[in-house]
Structures are given as structure tokens and as C-alpha cells.
Amino acid sequence: MIPVDLHCHSNISDGLLPPDEVVRRAHARGCQLFALTDHDDVRGLPLARQTASELGMQFVNGVEISVSWGKHTLHVVGLGFDDQNPELLAGLASVRAGRFERAERMARGLEKLGMSDVLAGSQKFATNPEMISRTHFARFLVESGRCKDTKSVFKKYLVRGKPGYVEHEWARLHDAIDWIRGAGGVAVLAHPGRYDLGNETLRVLLIEFHRMGGEAIEVVSGTHSIADAARFGRLANDFSYQCSCGTDYHATGEGSREPGLNAELPFGCVPVWERWRKVDPIDVSVARPS
């Protein structure tokens, strides 16, 4: 196992724990280099960074941006950027702006099934009201006894073709990459194994992502199998990408691994974190590539 976790969530987006507690859990498992990557929001970074500093753990600024690419919804992780960059902050605010409207439309779809309380109930799980998401809906539907776990909620109600699914236009791929790079960061294609892409479409995505300035892909992920990691390790080498890893932790018991440790990268992969490895442990949050 490697003591690096560059993909984790707090209750600033759709995680259950506050930023400092996520950092402490990662540190307790032996993590030495950590990034908090909340969806479309960086307001958890100061507390996470302060906690990591107190614990003597290296910290990298992170965010996970929701992206529309054709008919597909993708996620792009940004790492090592300036979290005060005005263009990045404005871009993230524009992505967050549509989330509540989407939630209202999701609730209307579920109301047709007799779930009249679902929006208000889901809001109770959203510590950051700007970031209400399908995960918050799923947690409420589990609490109210409608499903046994969040995975069942998604499968029955919240994926494409189901009553609570809503098409939504997120950031464009090139915009997300530009915001990250403009703030001095590295753009990473998150958990590519989760996307419903055929081999040819995936190859097109990897070509376009690289052309637009993307530099890495997430090879090891809490949602990737061993076979996925091997596959994306090979693709990373084929397309000249560096490789990242992250647990994609949201909450204990919701499917992903606990924060802090990841499996080894496949042989031959170039770790994206090599660019921060020799930087002073307390000052890697806005480090530039060497």
C-alpha cells in the first residue's frame, strides 16, 4: 500500500465528515500526502490544510469539477492549484449555481412516486446547501426506509432512465481544465472506470483530455477493480499521462475505502505526486510542477 490519497470528500460537498476529521482519519491510517477534493467547492481547504499541517502531513489543494462532455458526465480532479485564483473560484461558483435547481427537478420526479418529503429531507443531509446532490437524496431515502443502502437508491431511482434522474449541463471539459491550469494546478481525469464509455469513445476522450492540457488520469481508485487499475495504467503509458490514486472516500459504509491508503500503481506508471515529493511538507498546497 502507498501512503498517498489524492481524492477524498468532506461535508463541504457530499461527504459526511467535516474536512478536519477526514484529514485526521487519513493520517491515522498512515497517509503522508493528502488532497481534499470536494465537488465544485474549495471552502473546505483552509481547515483541511491547517489540520494536515498540525499533524505534519503533506497536503495538496484539491477539487473535483463536474463536467459535461457530449452526453456524458465526467469528473476532473484539480491538484496543487492556488485556491484564491479568481477565475477558478468564479468557474466553480458557476457550476454550483445550477445544483439546487437540479435538486428541485429531481424531487419533482420522485414526487410522482408519492415521495412528497424528499427535497426537505435531503436538505437535512446537505451541510453546504449549495452542494445538494444525488448522494444527499440517497441518504435520505435510506433513512426513511425506502431503500436498504445508497447503492440501491441510485440503482432504483437516481441513474439515467429512473424517476429521480435529471439531465444537467455542467462545466465544459476545456473550461474545467483551463480553470485548473490557470490556477497553477494539474488536471486529472477522475475514476475513468466509472464512465459508461466504449473503447473507442474512451480513446477519443483520452486524446482530447491530453490535447486540452490534462496531464494525469486516476489509475487506482476506490471504485476501480484490480483489472481496472491494470487497464488504465496501460492506457496512461500509451497516452503519456502521469498516474494518480485516491480512495474517493465519502462516508464509512458507502462503498469506497477508508481515507488514507491506496493500492500500489501498476508497474511502469509515473506517479503524479512526484512533482510534489521533494517540496517542504508544509508548503505543497500550491506547488508548481518541477
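Given the options TYR195, THR37, LEU89, identify the residue whose Cα lies farthest towards the positive end of the charge dipole of the chain (+1 on Cβ of Lys, Arg; -1 on Cβ of Asp, Glu).
It is TYR195.
Could you calculate the contour length gain from HIS72 to TYR195, that is, 0.36 nm times the residue separation minus the distance between their Cα atoms, to one decimal place in nm?
Numbers: separation 123, 0.36 × 123 = 44.28 nm, distance 0.79 nm.
Using 0.36 nm per residue and subtracting the Cα-Cα distance, I get 43.5 nm.
So what's the gap between the Cα centers of segment 12-77 and segment 142-173, to the nearest angstrom?
Centre-to-centre (Cα) distance: 23 Å.
THR127 versus GLU274, label points 7 Å from Cα toward the beta carbon: distance in nm?
Label-label distance for THR127 and GLU274, simple model: 3.6 nm.
Segment 155-219: which GluC sites (Glu not before Pro) are DSSP loop and have at most 11 other beta-carbon atoms within 10 angstrom? Walk me through the numbers on the way to the answer.
Details: sites: GLU167, GLU169, GLU200, GLU208, GLU215, GLU218; in loops: GLU167, GLU169, GLU215.
Sparse-neighbourhood loop GluC sites (Glu not before Pro): GLU167, GLU169.
Enumerate cysteines in the chain without a disulfide-compatible partner, where compatibility requires another Cys Cβ under 4.7 angstrom.
Cysteines lacking a close Cβ partner in the chain: CYS8, CYS31, CYS147, CYS245.
Based on Cα coordinates alone, diagonalise the gyration tensor for segment 1-140, multiply each eigenvalue by 5, take square roots, and list the semi-axes in whole Å, largest first. Let's see the in-between values first.
Details: eigenvalues 170, 62, 32 Å².
Over the Cα atoms of segment 1-140, the semi-axes work out to 29, 18, 13 Å.
Within the chain, what percent of beta bridges assigned by DSSP are antiparallel, to the nearest 5?
Antiparallel bridges: around 40 percent, rounded to the nearest 5.
Strictly greater than 35 Å: what percent of every Cα pair in the chain meets that?
The answer is 13 percent, as a whole percent.
Can you compute the helix-only [θ] at 222 nm over the chain? Use -39500 (n - 2.57) per DSSP H run of at least 4 residues, normalise by all residues, nearest 500 deg cm²/dmol. Mind showing how you got there, number by number?
Numbers: 10 runs with 101 residues, N = 290.
After summing the helix terms and dividing by the residues of the chain, the value is -10500 deg cm²/dmol.
At what distance in nm do the modelled label points of ALA90 and ILE207 sit from each other, each positioned 7 Å from its Cα along Cα→Cβ?
Going from the ALA90 label point to the ILE207 one covers 3.3 nm.
What angle, in degrees between 0 and 90 and rounded to the nearest 10, separates the Cα long axis of helix 134-143 from the longest principal axis of the Cα atoms of the chain?
For helix 134-143, the angle is close to 60 degrees.
By a straight-distance test (C-alpha under 25 Å), which lysines pair with LYS112 as possible cross-link partners, with residues fewer than eight away in the same chain excluded?
LYS124, LYS148, LYS151, LYS155, LYS156, LYS162
Bear in mind these aren't lab numbers, they're just calculated from the coordinates by the rules spelled out. Keep in mind the model is a prediction, meaning the values are calculated, not measured. Heads up, the Cβs are rebuilt from the backbone with ideal geometry, glycines too, and the neighbour counts pull from every protein chain shown.
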